[in-house]
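Below is one structure; the comments refer to it alone.
The values are calculated or read from the model by the stated rules, or taken from the named source; none is laboratory data. From a predicted model like this one, the values you see are computed outputs, not experimental measurements. Here Cβ is always computed from backbone atoms with ideal geometry, including for glycine, and neighbour counts include all displayed protein chains. Just the protein is used for accessible areas: all its heavy atoms, side chains included, with ligands, DNA and RNA removed. Shrake-Rupley method; radii C 1.70, N 1.55, O 1.52, S 1.80 Å.
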Amino acid sequence: MPVTREELEVRERRALAPHAQLSGETRGRKHKETPPDWRTHFQRDRDRVIHSRAFRRLEYKTQVFLNGTGDHYRTRLTHTIEVAAISRNIARALRINEDLAETIALAHDLGHSPFGHKGEHVLDRLMKKDGGFEHNRHSLRIVEELEQKYPDFPGLNLTWEVREGLLKHSTALLQPGKRNSFVAKNASLEAQVANLADEIAYYSHDLDDGLEAGLLEEKKLVDEVQIWREAAACVRKEHGELPDECRRYYTIRCIIDDQVKDVVRTSEGLIRDAGVASADDVRRQGKALIGYSKQRKTLNLQLRKYLYRNFYYHPAVHRPNLRATRMMRELFEYFLEHPKAVGEFSRKQITRLGRRRAICDYIAGMTDLYLMKEHNRFFGAKS
């Protein structure tokens, strides 16, 4: 006999810590549905995210390098999968809900615009007088209204807990849904894990892409970045001299492993000291309970500064992104003057949302390549 949802919920109650968010205690969905037979509510959410159009489009959206620049550079999709893997590992170690942490991680970048954070900044400036643009809030709009897959409701109708996790940078007042009898100051531990796993993934793997591109050098990393220096020394001590690709990969693997261990050990202490006995106790806390040690925070800040100084604003990365975001700005302005040129769904949204928001949604949903093709269609190849 197949394992039922009820049996899976019993397994959660037996195996997870008291402060974990149990799927059987979800605050539910905006639109009522028959519960799944052989999946928990969070497992159903994970599958809905993976089967969404917005998730598939992440394959063709920029992480750091413009999509199509090279076969081995990360895209927004490969980054998302890496975040999900790290989230599961941390959640499992802390005995909290792996399925919820993974689902939030898989959905966290659904709302990202083309051309990475530079594209996001362009849309935010263009929408300054109309509510701005921020990819976490847009991820929520995608799963609540913009995906059109089900006959009985707009969006994906995800559980409250997943939607809560998508608004990781927003205040409690902006979080979805209502809580009974208390004001939440924080999100669930699972949402906090997905947030920190995002940071672990992009800094560590951006090192990998920067080295692959030849924009970063191991010698300079050894001289200027303590995290790299310590991991490289450990690899050399344990394995001696390795081929270049293997040495770089294993050094980054050690960096990620050290980050995860630090988060698990630090968070275990924070959770214990807070004395939380339920998922809602976690939400009442004035500060996050998933975090780095003080020493690791200092080391990560050094790495972050190094990457901004030597990689993110390197001409080979920065200039192509500036050209791409110029295309985005010109296309936005073109659609304002020619609203019939946008897709059918977005044309229908103009009446409900207004021209600027509907056009913003349309452009935010584009992949890098599709935006460039659309720009070429209206402005010509020479542009």
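For a test of the definition: using alpha carbon positions, the gyration tensor, and the 1.5 limit on a/c, classify segment 252-383 as rounded, prolate or oblate. The shape class here is oblate.
If R0 is 30 Å, what FRET efficiency do you get for ARG125 and LYS305 from their C-beta distance, rounded to 0.05?
Numbers: r = 25 Å, r/R0 = 0.83.
That gives a FRET efficiency of 0.75.
With helices as the sole contributors, the chain gives -19000 deg cm²/dmol at 222 nm; each DSSP H run of n ≥ 4 counts as -39500 (n - 2.57), and the sum is divided by every residue.
Our summary gives segment 14-146 a relative contact order of 23 percent, counting only alpha carbon pairs under 8 angstrom and 6 or more residues apart.
Of the DSSP H helices in the chain, those with a Cα length along their own long axis of 18 Å or more and a mean Kyte-Doolittle hydropathy reaching 0.0 comprise 76-93.
Quick check: from the Cα gyration tensor, does segment 328-383 come out rounded (a/c under 1.5), prolate or oblate? Since a/c reaches 1.5 and a/b is larger than b/c, the shape of segment 328-383 is classed as prolate.
Judged by the ratio a/c of the largest to the smallest principal axis of the C-alpha gyration tensor, segment 315-355 counts as prolate, that ratio being 1.5 or greater while a/b is larger than b/c.
The slack between ALA277 and ARG236, meaning 0.36 nm per residue of separation minus the straight C-alpha distance, is 10.4 nm.
Solvent exposure of segment 115-159 amounts to 45 Å² per residue of accessible area, where only protein heavy atoms count and the probe is 1.4 Å. Using a probe of 1.4 Å on the protein chains alone, the accessible area found for HIS117 is around 90 Å². Based on Cα contacts under 8 Å between residues 6+ apart, the chain shows a relative contact order of 20 percent. For the set ASP206, ASP47, solvent exposure ranked by accessible area (probe 1.4 Å, protein chains only) runs largest to smallest as ASP47, ASP206. On a full-extension model of 0.36 nm per residue, what is the gain between VAL183 and ARG11, subtracting their alpha-carbon distance, rounded to one decimal in nm? Separation in residues times 0.36 nm, less the Cα-Cα distance, equals 58.9 nm.
Averaged per residue, segment 213-367 has 55 square angstrom of accessible surface, using a 1.4 angstrom probe with ligands and nucleic acids left out.
In the chain, the portion of solvent-accessible area held by carbon and sulfur atoms comes to 50 percent [1.4 Å probe, whole percent, DNA, RNA and ligands not counted].
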